[in-house]
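Report on the structure given below.
The values are calculated or read from the model by the stated rules, or taken from the named source; none is laboratory data. What you are looking at is a predicted structure, and each value in this text was computed from that prediction instead of being measured. Note that we place each Cβ from the backbone using ideal geometry, even for glycine, and neighbour counts take in every protein chain shown. The area values use the complete protein model at the heavy-atom level, side chains included, leaving out ligands, DNA and RNA. Shrake-Rupley method; radii C 1.70, N 1.55, O 1.52, S 1.80 Å.
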Amino acid sequence: MEAERRFRASDIASAAWTYVRRAPGTFVWLAILFVTTVVMHHLSPQVLNDVLGNRSTNLHHLREDPVRVLITSAFWIAGGTWIGYFVLFNLFHVPVERWLGTWRWLTVAAIAHVGATYISEGVLYLAIEHHRAPESAVNTLDVGVSYALAGVTAVLAYRIAPPWRYLYVLGVLLVYGLPLFGGLTFTDIGHFTAVLIGFACYPLTRSRPGVWDPADWLRGLRERVGAHR
């Protein structure tokens with residue numbers, strides 16, 4: 001019995017390691033986010049505000065030190081929980097990295113992160129110039145991984161077979177587009193921009209083989225369930 005338990009534990013560990021190593025970039029990113037999240041929970045509110053502010057991709061830092069903040073801002077969580085992002089990374093980043101490969105996946109994430117940051121901050125700059133936002137907004141806190149996640153979520157559409165692809169695209173546009181009709185913020189603009197950038201990354205997907213058909217997956221699931229009855 002004890003040997004059987006050890007065998008099962010070994011199988012589970014082996015399966016988990018196989019799962020992780022097929023998307024190494026995603027899990028390295030999650031590991032870094034876990035460490036920075038632990039650090040965040042051990043800092044006082046004032047110190048945390050200083051730490052995040054120093055890594056913020058706001059207008060001031062984008063003018064003074066853009067490369068540093070564009071990189072460091074992607075390793076901190078500004079909202080939500082690490083567990084929540086762990087789930088989202090597994091739902092979206094993992095399948096995209098496996099499908100496109102680590103470098104193409106990283107390219108999509110980076111383009112979405114950088115592009116959405118500059119466009120959203122550009123909109124904020126125009127708001128300041130036209131007195132629609134206070135001048136202090138140049139130091140607005142802007143860190144996190146959500147722009148990259150939005151871009152990767154969008155590019156995943158090309159992995160899904162039609163007609164399911166069109167339903168997926170509609171769902172993504174609704175999730176990220178509806179906030180634009182409420183109390184519009186520069187981050188809402190950034191998220192929707194990141195989605196459009198993700199869709200525009202189609203050329204990176206053209207040479208990648210295969211699509212995932214949910215109908216085939218459901219059919220196979222029914223057959224497996226029926227076989228165990």
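Laid out as a table, the results:
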quantity	calculated
Cα-Cα P(r), region 122-196, percent of pairs per 10 Å interval	18, 41, 27, 11, 3
Accessible surface of region 37-103 [probe 1.4 Å, protein heavy atoms]: carbon and sulfur percent	68
Residue-by-residue Karplus 3J(HN,Hα) for region 33-50, coefficients 6.51, -1.76, 1.60, Hz, glycine and proline x	4, 5, 5, 5, 5, 4, 4, 4, 6, 9, 9, 6, x, 5, 5, 4, 4, 5
From phi via Karplus (6.51, -1.76, 1.60), per-residue ³J(HN,Hα) for region 18-23 in Hz, x at Gly/Pro	4, 4, 5, 6, 7, 9
Solvent-accessible ranking of Ile71, Ile128, largest area first, probe 1.4 Å	Ile71, Ile128
Amide H contacts under 5 Å for Ala133, placed H, 5+ residues apart	Ile128
Charge dipole (debye, nearest 20) of the chain; +1 at Cβ of Lys and Arg, -1 at Cβ of Asp and Glu	1040
Accessible surface of region 118-229, 1.4 Å probe, proportion on carbon and sulfur as whole %	65
Positive-end extreme of charge dipole, the chain - chosen from Pro24, Ile111, Leu88 (charges on Cβ)	Pro24
Value of Rg to Rh for region 1-134 (Rh from inverse mean 1/r over Cα pairs, i.e. Kirkwood)	1.11
For the chain: accessible area per residue (Å², 1.4 Å)	58
Computed accessible area, Phe34, all protein chains, 1.4 angstrom probe, square angstrom	100
5 angstrom amide H check on Ile160, placed H, neighbours 5+ away	Trp212
Correct option for Kirkwood radius over Cα pairs in Å [calculated from the coordinates] among (i) 18.1; (ii) 18.9; (iii) 19.6	(iii)
Gaussian network model of the chain, Cα within-10 Å springs - most flexible of Arg98, Arg219, Arg208	Arg219
Helix-only CD estimate at 222 nm, as mean residue ellipticity for the chain, using -39500 (n - 2.57) per DSSP H run (n ≥ 4)	-21500 deg cm²/dmol
Computed label-point distance, nm, for sites Val20 and Val67 using a 7 Å Cα→Cβ extension	3.2
